[in-house]
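S.K.: Structure incoming, see below.
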Amino acid sequence: MTRKTDEQLGMHRSITRRDFVQGSSLAVLGAVTSGAFSVTATTAAEAASARTPGSYYPPTKTGMRGSHNGAYEVAHALARQGASFDNPEDTGEEYDLVIVGAGISGLAAAYYYRKRFGNDTRILLLENHDDFGGHAKRNEFHQGGSMVLSLGGTHNLEWWQFSDAVKDFMDEFGVDVKAMLKNMDFDYGQSAPNSPAMWFDEDTYGVNRLVPRLDLNRRLTADTIDLIPISEAGRESLKAFYGRSDDVFAELSESETDELLSSISYPDFLRKYGGLTEDAVQLFDKKEHGAWGIEMRALSANDALWDDNPGRHLMGDEWSYEGRDYPAALWPDGNASLVRLMVAGLLPHVAPNVTADNVALAKFNYAALDEPEGAVRLRLNATVVNTINTETGASVTYAEGGQLKRVTTKHAVLACYHSVIPHLCPSLPEQQKEALKYQVKIPLILTNVLIRNTDALDKLGVDGINCPGRLHARLFLFRGINNGGYDHAADDSGPVSLVFWGSISPPDDAIDLKSQLRASRQKLLDLSFEDFEREVRTVLNDLLGPEGFDVNEDILAITVNRWPHGYAYEYMDLWDPDWAEGEAPHEIARQPFGAIAIANSDAGASAYTHVAIDEAYRAIGELPHNSETT
Ligand SMILES: Cc1cc2nc3c(=O)[nH]c(=O)nc-3n(C[C@H](O)[C@H](O)[C@H](O)COP(=O)(O)OP(=O)(O)OC[C@H]3O[C@@H](n4cnc5c(N)ncnc54)[C@H](O)[C@@H]3O)c2cc1C
């Protein structure tokens, strides 16, 4: 095998702003110094540029995005190193509500607060990233001529799970899910004749080979299995597995079967009851990186089977899988459009006349997000380090532009990750702090690669590919979503984003789920933009190069959205007990504390947009009336 050099892979090419972003990410780091402790964070220049008309527009930034450099250093110093941040400057600003975190939950909390306490209330949102939206971020590309939109994080509206409160919320913002669905021709890369395909890479499997129409959830034929470059014994074990009709648990009752399937991992189920060899089991390892965000070994057989992974045919069932049907509604930038609708509703002067029909194209004036006279203010690049109850409400301290500052408020809502809350709010009861720490978020990675054209993919007849040996386990073309005023044909041949999507495999020695999540997170943080760039260039060269794709010429931009704190932790068969109602960690964690209430999707232990909204609704309902806080 001859590996390509960096030069051959085009690493030297000056794709738009890569060099600028990597260099400047360090340049913008300044020091927040408090007492004996000093950490790097976004400087005053960066913070101030957020308020300069026209010059500040984060969605077009490429390079390392998501949890970008400069966003998390202060929080890590606080939570990981126990830094203390004392003697903040009192800004003299007073609010009715201060919200920590301007993700979907924080923005929804602002909306519900105004509903409950009136539109003349003064609200400040503090957000540690350089853009609003939390996970719901938009990547905007202009490198190929006209604007190409893609997801930076949160993708779908899972509308069938909406509560009545969320349905009302969507109605109020004019979000018509049925209309959105009609305007979509997108199915995560399953439309092309040979999709979904599986790509076996030379580094892992000794040969570069694309196998068309290989979906492990479907009943595979012997001909297809013969193309899989694993051992002969591995292929035979697959043929036997997919060919069987069995009832291996015939002797067990339904509840015994259920108990057994909930107590073993899916890979163990495949080994023990499916008869698969190790190299055949490996094909499944990363299969749930996108949907669950975890390695297959962390999933119980029950959870995996519920998610259509094969095996029911060993338990007396007929094969019934007809292909993935996930009828979610999307905007062309994922739920960033929902965020933009909320921001435009709360701060109309930032984006006037925005509706659900034009939101994807609307211009947002970031310089006007934090105007002193605004009833609602949104302050970016500001990391909250302390929130305490006071006699009149609460006081909130944050680091911004290398300085520590304090504001006072009648109410506060913590809409940030739960694991950081014990550090922000050390006076919380110990039991609540323990419950908050239970929430270890799931790391995710979404890398947009703007490719000049889809010619090579079209030759192969694929628009979605699984890559069981690579860092990103799934690729799909992102197009065909005509919502929010944006038009994008389902057969757009480019420039278009090829999304590299998934999570990061933990090392083998990380045994329990939380060790796996923490190890994956560290691996993700340790990877540089160049590591990701080399990876996508290697994959595209080896996968598409033979069909004429030139990694030197045909990659127009790369944006890596890393989310070390991604999906909210959801309770899982193998790792969590069944708690009695009211005793689950998230239920203890989200209890109000004086003038402080707690939101975020973590509060619902469920990684969904509608949950983030429901939890904001609950949190605002739990705030005491102003008179009760004094
Ligand atoms: C890649 C990805 C894909 C996803 N896809 C989907 C999907 O398809 N459908 C779906 O429903 N859900 C999806 N999710 C789940 C997503 O988490 C939720 O839908 C929703 O966006 C969560 O919103 P939130 O406000 O609860 O949390 P967040 O979006 O995490 O917002 C919390 C905000 O608080 C900020 N914060 C944290 N600490 C501080 C501090 N100390 N000071 C100031 N600010 C702070 C954070 O930086 C963040 O911006 C996805 C998530 C990711 C990462």
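S.K.: Sort out for me the strands (runs of 3 or more DSSP E) sitting completely within region 107-167 that have 1 or more residues that are β-branched (Val, Ile, Thr), more than 12 Å from the ligand (Cβ to nearest atom) and not assigned by TED's automatic domain parsing to the domain that holds ALA382.
M.R.: Ranges flagged: 148-151.
S.K.: Near the ligand (Cβ under 9 Å from one of its atoms), modelled with pLDDT of 95 or more and not assigned by TED's automatic domain parsing to the domain that holds VAL560: is that true of GLU93 in this structure?
M.R.: So GLU93 fails the test.
S.K.: Being in a loop (DSSP other than H, G, I, E, B), in contact with a helix residue (DSSP H, G or I) (Cβ under 9 Å, 6 or more places away or on another chain) and either surrounded by 21 or more Cβ atoms within 10 Å (Cβ to Cβ) or outside the structural domain of ILE230 (by TED's automatic domain parsing) (or both) is the requirement here; does GLY293 meet it?
M.R.: yes
S.K.: Only one residue in PHE532, PHE549 is of a type in the set (A, V, I, L, M, F, W, C), in the same structural domain as LEU151 (by TED's automatic domain parsing) and part of a loop (DSSP other than H, G, I, E, B), so which one is that?
M.R.: On the way: PHE532 fails: part of a loop (DSSP other than H, G, I, E, B).
Unique residue meeting the criteria: PHE549.
Each row is one residue, and each column tells you yes or no for (1) within 15 Å of the ligand (Cβ to nearest atom); (2) under 29 Å from the mean Cα position of the chain (by Cα); (3) buried (at least 18 other Cβ atoms within 10 Å of the Cβ); (4) within 13 Å of GLU94 (Cβ to Cβ).
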position	(1), (2), (3), (4)
PRO372	no, no, no, yes
LEU378	yes, yes, yes, no
THR383	yes, yes, yes, no
ALA394	yes, no, yes, yes
GLU400	yes, yes, yes, no
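S.K.: I want to confirm something. Restricting to region 579-624 and keeping residues that are aromatic (Phe, Trp, Tyr) and farther than 18 Å from ALA435 by Cα, which single residue is farthest from the ligand (Cβ to nearest atom)?
M.R.: Once the filter is applied, the top-ranked residue is TYR617.
S.K.: Does VAL539 meet the test of being away from the ligand (no atom under 16 Å from the Cβ) and either at positive phi or not in a loop (DSSP other than H, G, I, E, B) (or both)?
M.R.: Against the criterion (away from the ligand (no atom under 16 Å from the Cβ) and either at positive phi or not in a loop (DSSP other than H, G, I, E, B) (or both)), VAL539 qualifies.
S.K.: Among the residues of region 96-106, write down those that are within 18 Å of PHE173 (Cα to Cα) and not in a strand (DSSP E or B).
M.R.: ALA102, ILE104, SER105, GLY106
The values are calculated or read from the model by the stated rules, or taken from the named source; none is laboratory data. Remember, predicted model here, so these are calculated numbers, not experimental data. Note that each Cβ is placed from the backbone with ideal geometry, even for glycine, and that neighbours are counted across all protein chains shown.
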